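Here's a structure for you.
The values are calculated or read from the model by the stated rules, or taken from the named source; none is laboratory data. Please read these numbers as outputs of a predicted model, since none were measured by experiment. Cβ sites come from the backbone with ideal geometry, for glycine too, and all protein chains shown count toward neighbours. Heads up: the accessible areas ignore ligands, DNA and RNA and are worked out on the full protein's heavy atoms, side chains in. Shrake-Rupley method; radii C 1.70, N 1.55, O 1.52, S 1.80 Å.
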Amino acid sequence: MEKWQYQMQNQINTIDKLVEIINITDAEREAIITTNTKWGTTPYFAQLMDRDNPDCPIRKQVIPSLKEKENRYGIDNYLVYKENRSTVEKRPDTIARQYHDRIAFTVMHICANYCRHCFRKELVVDESLQLRFDIDEGLDWIRDHAEIRDVLITGGDPLLLPDEKIAYLVNKLREIPHIEIIRFGSRVPIVLPQRITKDLLKALGGFHKVPIWLNTQCNHAKEITEHTAKAVYDLLTCGVNVGNQAVLLKGINDDRESFKTLHQKLLTIRVRPYYVFYCEPAPGIDHFRTPVEKGAELIRDALRGHTTGLAQPMYVVATNMGKIPLMPDYYIQDKNSDSYTLRNYRGCVTTLPNIPR
Ligand SMILES: *Cc1c(COP(=O)(O)O)cnc(C)c1O
Ligand code: SF4
C-alpha cells in the first residue's frame, strides 16, 4: 500500500482516534455526536492540530462545531443555485457552467479533509446532493462544445482518483483540439502531500502544449510543512503550475498577522496566491463568515505595499454569476480634468496627469 492510501484508510474520523491526537473539549465531543455530519482528516493533517487549544486554525477546519446547526444566512440547495444546475442548457451532472469559455468538471465527492467551511457541503459532507459522476459523459459534452478552452477539474478532491483515472482524464482532455489548459482544484498538497507520488507525476507531468495548473487551498501558515514544500516542488519540477485559493475564515485567517504570514509563507514554498474567496452563503457555515469588506481591508492593511507583490491574491466572491472581485478601492482619492490624486498603502498621496479620452 502506498503512503497516501494508508493515510486515506486510516482517516481520523472517530472520537476514539481523535482523542489519541488531541485533548478534545466537551463542546467538540457534543458536536461530533449530535451534528450527525461526515467529518475526518488524514493522520498527517490531524498531527498539525494544536493538542490543547480548540481555537487552533487547523482544528477549526477539521472538527465539527455546534455552530453548524445554526443557519441564518445560508441559502438552501446552495450548489444547485450557485452552479446553475437548473438552467435551460442541458448539461451532465459533472459540468458546472458560469462562463462562456470555461467550465468546472466535478469528478468525485470524496475528500482527504472534510473542511467544516466547505461550500460544497451538500455534495461532499452531507451527501444530500447526489451527482452522477460519469466522466465519459462529461468528456463528450466538452468535446461537443468548441467554445470551451479551459477545464477546471474539481470535486470533492479529484487527485484522490486512482492514477489510471487521472491519466485517462488528462489524456482525453488533451486530445480535444479546443482545450488549451487543464486546471485542478485540489487540497491534496496541503492535507495529503503524500499523494504527490512518482506515478501521479507521470500522469500529470512532462512537457505538453496543454499545460496543467493546480490550485490548492491553504488557509493558514500552520498548514504548511516541509512535506507540502516537497510536494509543490515535485509538481513544479514536472511542469505543473501551483497556485493557492484561500477562503477568508473568521477566527482562522481574518486578522492581519495570519493573513500576511499565510501569503508570505506560500511564496517560500513556491506557491503563488491566486484567490482569496469570501466564505460563500452555503448553509451551516455562518460562523466562518466575516463582513464582505473584511477581505478588502486585509488586502489594504496587511498585503498591498506591506509585502511582496507576488504575495497578493485577488479577493473575490464566487456567485451564481461567476466570481466578482471585491478588491480595496481607496487608491483613487480624487480626480479632476487635469489630474488624479492617488493614495498609497501608507495613506500618502501623489498625483498623476489625467489624459483625455
Ligand atoms: C471558479 C469557476 C471557474 C474558474 O474561474 P476563474 O476565475 O477562471 O478561475 C469556472 N467555472 C466555474 C463554474 C467556476 O465556479
Ligand atoms: S477539500 Fe474542498 S471540496 Fe473537499 S471538503 Fe474541503 S473545501 Fe470542500
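Of the peptides 185-191, 336-342, 171-177, how do they stack up when ordered by the mean number of other Cβ atoms within 10 Å, highest first?
So the order, starting with the most tightly packed, is 185-191, 171-177, 336-342.
How much length, in nm to one decimal, is gained on full extension between K323 and I33, taken as 0.36 nm per residue of separation minus their Cα-Cα distance?
Once the chain is fully extended between K323 and I33, it gains 100.8 nm.
Moving to a separate point now. What per residue convex hull volume, in Å³, do the alpha-carbon atoms of region 175-234 yield?
87
Report, please, the projected area of region 68-167 averaged over directions, based on the convex hull of its C-alpha atoms, in nm².
Orientation-averaged projected area of the Cα hull: 7.1 nm².
Follow-up question, since we're still on this one. Using the beta-carbon distance between I355 and Q47 and R0 = 56 Å, what value does 1/(1 + (r/R0)^6) give for FRET efficiency, to the nearest 0.05?
0.45
What is the gain in length, in nm to one decimal, between D76 and R256 on full extension, counting 0.36 nm per residue of separation less the C-alpha to C-alpha distance?
61.6 nm
Between R272 and E147, how many nm apart are label points set 7 Å from Cα along the C-beta direction?
2.8
Can you give the percent of C-alpha pairs in region 262-306 whose distance is more than 18 Å?
41
Follow-up. Grab the beta carbon distance between T225 and S86, set R0 = 41 Å, and tell me the FRET efficiency rounded to 0.05.
0.50
Here's another thing I want to ask about it. For region 114-243, what does the alpha-carbon gyration tensor say about shape, rounded, prolate or oblate, given a ≥ b ≥ c as the root eigenvalues, a/c under 1.5 as rounded, and a/b over b/c as prolate?
oblate
Something else: Per residue, how large is the accessible surface of the chain? Use a 1.4 angstrom probe and give square angstrom.
So the chain comes to 48 Å² accessible per residue, rounded to a whole number.
Select from Q130, Q245, Q217 the residue whose mean-square fluctuation is largest in a Gaussian network model of the chain (Cα-Cα springs shorter than 10 Å).
It is Q130.
A further question follows. Please work out how much length the chain gains when fully extended from S337 to Y233, using 0.36 nm per residue of separation minus the C-alpha to C-alpha distance, in nm with one decimal.
32.4 nm
For region 215-281, state the semi-axes of the equivalent ellipsoid (square roots of 5 times the eigenvalues of the alpha-carbon gyration tensor), sorted largest first and rounded to whole angstrom.
Each semi-axis is the square root of five times an eigenvalue, giving 22, 13, 9 Å.
May I ask you to list the lysines whose Cα is less than 25 Å away from that of K121, ignoring any residue fewer than eight positions away on the same chain?
Partners within reach: K17, K38, K60, K67, K69, K82, K90, K165, K222, K250, K294, K323.
Same structure again: So which GluC sites (Glu not before Pro) in region 241-334 are both in a DSSP loop and have at most 10 other Cβ atoms within 10 Å of their Cβ?
Here no loop site has a sparse enough neighbourhood.
Which is farthest toward the positive dipole end of the chain among L173, G206, I75, measuring Cα position about the Cα centre, with Cβ charges +1 (Lys, Arg) and -1 (Asp, Glu)?
Farthest towards the positive end: G206.
Quick one: putting +1 on the C-beta of Lys and Arg, -1 on the C-beta of Asp and Glu, what dipole do you get for region 33-144 around its Cα centre, in Debye to the nearest 20?
Dipole of region 33-144, to the nearest 20 debye: 340 debye.
Also: Would you list which aspartates and glutamates come within 19 Å of K265, measuring only between C-alpha atoms, while excluding same-chain residues fewer than 8 positions from it?
E223, E226, D234, D254, D255, E257, D301
Where a ≥ b ≥ c are the square roots of the eigenvalues of the C-alpha gyration tensor, would you call region 4-325 rounded, which needs a/c under 1.5, or, failing that, prolate if a/b is larger than b/c, or oblate?
Because its axes are fairly even, with a/c under 1.5, region 4-325 counts as rounded.
Right, next: Mind telling me which of P43, P273, P291 comes out most flexible in a GNM of the chain, alpha-carbon contacts under 10 Å?
With Cα springs under 10 Å in the chain, the top fluctuation among P43, P273, P291 is at P291.
Based on the alpha-carbon gyration tensor of region 1-99, what equivalent-ellipsoid semi-axes (square roots of 5 times the eigenvalues) come out, in whole Å, largest first?
They are 32, 20, 11 Å, listed from largest to smallest.
Report the local net charge at L262: Lys and Arg +1, Asp and Glu -1, summed over other residues whose C-beta lies under 10 Å from its C-beta.
Around L262, the charge tally is +1.
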